[in-house]
Amino acid sequence: TANGQVVYSIAEETERGASVGNIAKDLGIDAATLSARKYRMITGSSKQYFNLNASTGALSVNEPIDREQLCELKSACLLNYELVLENPLELYSIEFKILDINDNSPSFPLSEYHINMPEFLSPGSRFTLPNAQDLDEGTNSVQNYTLSPNEHFHLEMQARGDGSKYPELVLKKALDREQQATHRLVLTAKDGGSPPKSSDVSVIVTVLDTNDNAPEFEHSVYRASILENSPSGTLVVQVHAMDLDEGPNGEVRYSFSNTTSADLRRMFLIHPHTGEVTVNGVLAVQRPLLEMIIEARDNGVFGMSSTAKLLVEITDVNNHGPEITVTSLSSPIPEDAVPGTVIALLSVMDKDPGENGKVTCQIPDNLPFQLKPSLENYYSLVTSGLLDRELISGYNITITATDLGSPPIATQKTLWVEISDVNDNPPVFGADTFDVFVEENNPFGAFLYQVSASDADMGENGRVSYMLRNSTIAGSALASFLSVSLANGSIYAKRAFDFEQLRSFHFQVEAKDNGSPTLSAAITVNVYILDQNDNAPAILYPTSQNGSVAVEVVPRLADEDYLVTKVVADDEDNAENAWLSYHLAHSSDPTLFRLALHSGELRTTRSMRSTDFLKHKVVVVVKDHGDPPLSSTVTVGILLADTLPQALPDFDDSGEPPPLLSATNIYLIVSLACVSCIFVTFLLFLAVVRLCRCRTGCCCPADEYEKYCYSVHMLPSSHLPLDMLEVTGVGKLTHTYLYRASVGLG
């Protein structure tokens, strides 16, 4: 264990559950905290080969590992894990070295091989035998070959230019096709494992006649270099082999040896006649050096062949962009997070080797964050400045990873980091004070004003409630005058205001948020009571007591513009409602007195005369200018006298001469006129009746008339005939008059 990295070695095919080690002990971590710190084991492998016991920290095999399947032909097989712990965030690198065991036997590509040998070959002729492949490494791979006993052949090992060995079949005794046309040999490949494993393949040698020269390559090893992104058809190399034979025996055909892997045979093509090796597809390999065996075979009846090695170096081009992986992300983060707080852990990888695989990471400079390198290929995203959610509630952080290739390839990944709110803003009013104007005599519960405060915080931290600060108004508690809505700040009156008693007052409304701790602010509200015309003018002078008339004494011979008196009045209202004007509502002599409109001075309009009445009465009306206007009246009695009398006269009557046509006189005149009209009508009626009788000859003799009249005269008035009427109204007619009327009737 060193620098936060621990390396374990484990043999492949180790059974499930086998112990590997104790990671907590090896890294010095308290095993009891693994679960609480939310441990995670991260690997790029598709399978989880190891298991970590969170209670003990013990590592065990979760699934047996096949080294050959996992690492193929790599000499060193490594599995890399990262252990991530939170609270605080820590990262440890774990490397597992997979040790090879001898679990694979050597194998030959084919079940049998055929070799055609001309009979005229002299001893010492050599034939390449196929290589056996063993997926194991080191001593567990193929170590030696053996050949079944045969008097004509023996086996020798040869080394190529790169140091690799291969078996050759050597002719040690000349062949005689007529004695034996076919030789069956068994080639055995053995590895160096314990116990060793082996594999056999049949080698069938057919003895031919004729062609006795095999093609020979110009070079035993060909080397070439191509770019890994070379398109299909790109020429890699052209090989050339010569055959000294003539005709078909000297015609050479090129092909890849069976020992060349099938993957490489698909990636490359070799022209059978020209020997040109070209690219046949995408060079999807991770190895920088590819090895292929090219075989040259002539067209003889018994074709002869030789081989050469082709080494192709794949030159890397920058064709892979960096890959950004977010291993851990904390979002949201509080706005009061201190600089240096870890937000995220990133892994950045580039599959290209060398400089093309080196990566630099950066984020925009105008953000309060920065990237800090952690372990190899890891970066930590941390805060570098103060955060304010009210200004910016979240950040889109674009991480740009750029490799060092030419041209460089960049990859971007955007992280959304949300900023959570803390209660760091008090409520704010639009102004420190506000003036409210309300008319007096307002109804109970009248709305006065609505205060409003804003809070830049959110949620409960930004929910504002309102209340009145304790104070008194004119010796009474503020709560008896006003109330405020807790939710919206609406202010209501709890009583009617009277301008004449209270013209203005002020109070404070406090706004509090619901955060923890609570923050508050206050606004001062000035209330001004507006006057209404609710008070009539009060007359201060002249005054009357017990309903009597106020009396002013004026000299009998007073001059014109003499000041009789001055009416003085006051109005408790304000402004226009208290502007007073004076008017004469009634005067016993309108030509004698005048009243100043604004001052209320009562003066004579002319000089007094001896013929003027001694008593006068005027009625003065005092009006304000309200809407509607209110008024008051006062009656002033004026006595014309040079000295103040001991007893004032009674001013209940007006003191002026009675009018000629009073109501009583009018009634008497109408009654008299009616009676006179009735009497005249009656006389006319009697005259008409008498005239009618005289014309008809029905007149009485004189003696009878006198008798009749006499008798009538002697009757009481209650026994008079109906045609003898008594006239009422002014009085009764005399008996003499009645008598004469009776005579007239006879």
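Quick look at the numbers
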item	result
Residue in the stretch 507-517 that is open to solvent by 30 Å² or more (accessible area, probe 1.4 Å) and of a type in the set (A, V, I, L, M, F, W, C) present	no
Enumeration of residues in the stretch 444-454 that are open to solvent by less than 30 Å² (accessible area, probe 1.4 Å) and over 15 Å from LEU530 (Cα atoms)	VAL451, ALA453
Residue check for LYS25: open to solvent by 40 Å² or more (accessible area, probe 1.4 Å) and more than 22 Å from ASN87 (Cβ to Cβ)	no
Considering residues of the stretch 434-443 that are modelled with pLDDT of 90 or more and open to solvent by 60 Å² or more (accessible area, probe 1.4 Å) only, the residue farthest from the chain's Cα centre (by Cα)	PRO443
Any chance ASN470 is open to solvent by 50 Å² or more (accessible area, probe 1.4 Å), within 30 Å of VAL348 (Cα to Cα), free of Cβ contacts under 8 Å to residues at least 24 places away in the same chain and not β-branched (Val, Ile, Thr)	no
Selection within the stretch 443-494 - hydrophobic (A, V, I, L, M, F, W, C), under 16 Å from ASN514 (Cβ atoms) and in contact with a Phe, Trp or Tyr (Cβ under 9 Å, 6 or more places away or on another chain)	ALA453, LEU486, ALA487
Residue that is nearest to ASN211 (Cα to Cα), among those in the stretch 250-304 that are among the basic types (Lys, Arg) and surrounded by fewer than 16 Cβ atoms within 10 Å (Cβ to Cβ)	ARG266
Residue match in the stretch 39-50 (condition: basic (Lys, Arg) and within 26 Å of ALA344 (Cβ to Cβ))	yes
Any chance ASP561 is in contact (Cβ under 8 Å) with a residue 40 or more places away in the chain, assigned to a loop (DSSP other than H, G, I, E, B) and within 30 Å of PRO443 (Cβ to Cβ)	no
Sole residue being open to solvent by 70 Å² or more (accessible area, probe 1.4 Å) and in a strand (DSSP E or B), chosen from THR325, THR307	THR325
Residue satisfying condition, being in contact with a helix residue (DSSP H, G or I) (Cβ under 6 Å, 6 or more places away or on another chain) and touching a residue at least 24 places away in the same chain (Cβ under 8 Å), within set ASN533, ASN526, ASN577	ASN533
Residues of the stretch 176-229 satisfying the condition of being touching a Phe, Trp or Tyr at 6+ places or on another chain (Cβ under 8 Å) and at pLDDT below 85	LEU208, ASP209, THR210, ASN211, ASP212
Unique match (being among the hydrophobic types (A, V, I, L, M, F, W, C), farther than 28 Å from ASN442 by Cα and surrounded by 17 or more Cβ atoms within 10 Å (Cβ to Cβ)) among VAL525, VAL567	VAL567
When residues of the stretch 601-631 are limited to those that are of a type in the set (Asp, Glu) and assigned to a loop (DSSP other than H, G, I, E, B), the one modelled with the highest pLDDT	ASP624
Residues being touching a helix residue (DSSP H, G or I) at 6+ places or on another chain (Cβ under 9 Å) and at pLDDT 85 or above - total across the stretch 1-22	3
Matching residues, the stretch 12-43, being of a type in the set (Ser, Thr, Tyr), closer than 20 Å to LEU375 by Cβ and part of a loop (DSSP other than H, G, I, E, B)	TYR39
Members of the stretch 185-223 that are open to solvent by 20 Å² or more (accessible area, probe 1.4 Å), aliphatic (A, V, I, L, M) and in contact with a Lys or Arg (Cβ under 9 Å, 6 or more places away or on another chain)	ALA214, VAL221
Only listed residue being in contact (Cβ under 8 Å) with a residue 60 or more places away in the chain and under 24 Å from THR635 (Cβ atoms), chosen from ARG556, ARG594, ARG603	ARG556
Counted residues, the stretch 354-381 - those being part of a loop (DSSP other than H, G, I, E, B) and open to solvent by less than 80 Å² (accessible area, probe 1.4 Å)	7
Counted residues, the stretch 151-168 - those being open to solvent by 40 Å² or more (accessible area, probe 1.4 Å), part of a loop (DSSP other than H, G, I, E, B) and closer than 18 Å to ILE204 by Cα	1
Yes/no for GLU313 being in contact (Cβ under 8 Å) with a residue 40 or more places away in the chain, among the acidic types (Asp, Glu) and either open to solvent by less than 50 Å² (accessible area, probe 1.4 Å) or in contact with a Ser or Thr (Cβ under 8 Å, 6 or more places away or on another chain) (or both)	yes
Test: residue in the stretch 311-323 that is among the small types (Gly, Ala, Ser) and more than 60 Å from the chain's Cα centre (by Cα)	no
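Residue-wise test of (1) of a type in the set (Asp, Glu); (2) assigned to a strand (DSSP E or B); (3) touching a Phe, Trp or Tyr at 6+ places or on another chain (Cβ under 6 Å); (4) modelled with pLDDT of 90 or more.
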site	(1), (2), (3), (4)
VAL525	no, yes, yes, yes
TYR528	no, yes, yes, yes
ASP534	yes, no, no, no
GLN545	no, no, no, no
GLU576	yes, no, no, no
HIS583	no, yes, no, yes
ARG594	no, yes, no, yes
SER599	no, no, no, no
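Every residue, every condition in (1) surrounded by 17 or more Cβ atoms within 10 Å (Cβ to Cβ); (2) in contact with a helix residue (DSSP H, G or I) (Cβ under 9 Å, 6 or more places away or on another chain); (3) more than 16 Å from ILE539 (Cβ to Cβ), yes or no:
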{"residue": "PHE593", "(1), (2), (3)": "yes, no, yes"}
{"residue": "GLY600", "(1), (2), (3)": "yes, no, no"}
{"residue": "HIS616", "(1), (2), (3)": "yes, no, yes"}
{"residue": "VAL620", "(1), (2), (3)": "yes, no, no"}
{"residue": "GLY626", "(1), (2), (3)": "yes, yes, yes"}
{"residue": "THR633", "(1), (2), (3)": "no, no, no"}
{"residue": "LEU640", "(1), (2), (3)": "yes, no, yes"}
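The values are calculated or read from the model by the stated rules, or taken from the named source; none is laboratory data. These numbers come from a predicted model, not from an experiment. Positions of Cβ are backbone-derived with ideal geometry, glycine not excepted, and every protein chain shown enters the neighbour counts. The accessibility values were calculated without ligands, DNA or RNA, using every heavy atom of the protein model including side chains. Shrake-Rupley method; radii C 1.70, N 1.55, O 1.52, S 1.80 Å.
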